[in-house]
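Inspection log for the structure reproduced underneath, given as structure tokens.
The values are calculated or read from the model by the stated rules, or taken from the named source; none is laboratory data. Predicted model, so just to flag it, every value in this text is computed and none were measured. Note that we place each Cβ from the backbone using ideal geometry, even for glycine, and neighbour counts take in every protein chain shown. All accessible areas refer to the heavy atoms of the entire protein, side chains included, with ligands and DNA or RNA removed. Shrake-Rupley method; radii C 1.70, N 1.55, O 1.52, S 1.80 Å.
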Amino acid sequence: MANLFAGVGTSHVPVIGAMMDHKKTNDPQWKKLFDGYEPVRQWMKKEKPDVIIMVYNDHASAFTLDINPTFAIGLSEEFHPADEGYGPRKVPVVKGHPKLAWHITEQLILNEFDITMVNNIPVDHGLTVPLSIACGEVDEWPCQVIPLCVNVIQYPQPTGNRCFNLGKEIRKAVDSFDEDLKVVIFGTGGMSHQLQGERAGLVNADFDIKFLDDLTQDVDRLVNIKHVEYLRESGSEGAELVMWMIMRGALDDDVEETYRDYFVPASNTGAGIIVLENKE
Ligand code: DHB
Ligand code: FE
């Protein structure tokens, strides 16, 4: 059977991908951030997951205000890097896992958790930067990836609680997939940042570190963080953190934090990364 054994939380700051693409990861300003990713890359090489379920958000690359699903799942064989204004990133094409993606879709919808089915979708920095962070510079991504896209751009975004419950349903679906696959789920985006308005540049390291702590120590508190609290404490884009609740909901209640790093500021953002593993 498929085994969802671990979760990774990570920010998706676009310039992190740009620094990799322009071979600037050893620049003094950036080296410490990239050194902090190395243990996660080693962990990925050791664990060799077959599939990543990548919970991410699109930034008006695939979905515009014309159509904006709250939750969408990518069912295709391949997903191409999006052109976000500077040409698509020259990273490998993302290979999907249609069979598992269809199984998750079927289980979710028949269990009354509706999700939008998407076939052809370009993937922007929300998906490719976390992959680059976890896998480094590669000719091919080392595993298949199921994009699970969440609207955190257009009000009203889903609540943290709804996201957590979606994670639980995804876990049930993966557990019932009749093929031996090692599956990791990523929650991406965040941590605290605000890109516009009077408070542009806001970072709240205390909020971020407490958030990382409570992924193991007080999940109930995180599940119940309301949007206004995200806005007030972590800035308008800090609300991307609801996507981490999908990741957390898909794991066991009892998890071990096996790695974390926190770096501030990466561009405008508090950049966090964490690895959580089921204890069983
Ligand atoms: C930045 C962070 C984001 O999450 C994003 O989507 C775009 C930019 C930033 O900090 O620059
Ligand atoms: Fe973002």
query: Within the accessible area of the stretch 174-280, what % is carbon and sulfur when the probe is 1.4 Å and the other protein chains stay in place?
result: 44
query: Given R₀ = 25 Å, FRET efficiency for Thr64-Tyr86 by Cβ-Cβ distance, to 0.05?
result: 0.85
message: So if I place +1 on the C-beta of Lys and Arg and -1 on the C-beta of Asp and Glu, and nothing else carries charge, what would the dipole magnitude of the stretch 1-137 be about its Cα centre? I want it in debye, nearest 20.
response: 700
message: Please give the charge dipole size of the stretch 221-261, origin at the Cα centre, charges +1 on K and R Cβ atoms and -1 on D and E Cβ atoms. Round to the nearest 20 debye.
response: 280
statement: Per the 1/(1 + (r/R0)^6) rule, R0 = 41 Å and r from the Cβ atoms of Asp218 and Glu179, FRET efficiency to 0.05 is 0.70
Spatial extent of the stretch 170-280: Rg and Dmax, with the Cα atoms as the point set, Å: 15.0, 51
- request: Indicate, rounded to the nearest 5 percent, the antiparallel portion of the DSSP beta bridges found entirely in the chain.
  value: 50
- request: Pop out the carbon and sulfur fraction of the accessible area of the stretch 1-135 as a percent, whole number, probe 1.4 Å.
  value: 53
field: the chain, Cα convex hull volume normalised per residue, Å³
entry: 121
field: the stretch 88-175: trypsin sites (Lys or Arg not before Pro) in DSSP coil with no more than 10 other Cβ atoms inside 10 Å
entry: Lys90
- request: Run the 1.4 Å probe and let me know the accessible area of Met247, rounded to the nearest 10 Å².
  value: 0
task: Give me the accessible area of Glu233, 1.4 Å probe, in Å² rounded to the nearest 10.
output: 60
- prompt: Roughly how many whole Å is it from the C-alpha centroid of the stretch 228-243 to that of the stretch 1-52?
  reply: 23
- prompt: Excluding same-chain residues fewer than 8 positions from Lys31, which lysines have a Cα within less than 26 Å of its Cα?
  reply: Lys23, Lys45, Lys46, Lys48, Lys90, Lys210
- prompt: For the chain, what is the accessible area per residue in Å² when the probe is 1.4 Å?
  reply: 44
field: Against the rule of thumb 2.2 N^0.38 Å, how large the Cα Rg of the stretch 90-212 comes out
entry: 1.21
message: With unit charges on the beta carbons (Lys and Arg positive, Asp and Glu negative) and the dipole taken about the Cα centre of the stretch 143-231, which residue among Gly201, Pro156, Gln144 sits farthest to the positive side?
response: Pro156
query: Expressed as a rounded percentage, what relative contact order does the stretch 96-252 have, with Cα pairs under 8 Å and six or more residues apart?
result: 31
query: About its Cα centre, how strong a charge dipole does the chain have in debye, to the nearest 20, once Lys and Arg get +1 and Asp and Glu get -1 at the Cβ?
result: 500
query: So how do 260-273, 22-35 stack up, highest first, on mean other-Cβ count within 10 Å?
result: 260-273, 22-35
Sequence-separation-based contact order of the stretch 27-107, relative, with Cα cut under 8 Å and 6+ spacing, percent: 22
message: As a test of the formula, what do you get for the chain when each DSSP H run with n ≥ 4 contributes -39,500 (n - 2.57) and the sum is divided by the residue count, at 222 nm and rounded to the nearest 500 deg cm²/dmol?
response: -10500 deg cm²/dmol
message: Taking 8 Å as the Cα distance limit and 6 or more residues as the minimum spacing, I'd like the relative contact order of the chain as a percentage.
response: 31
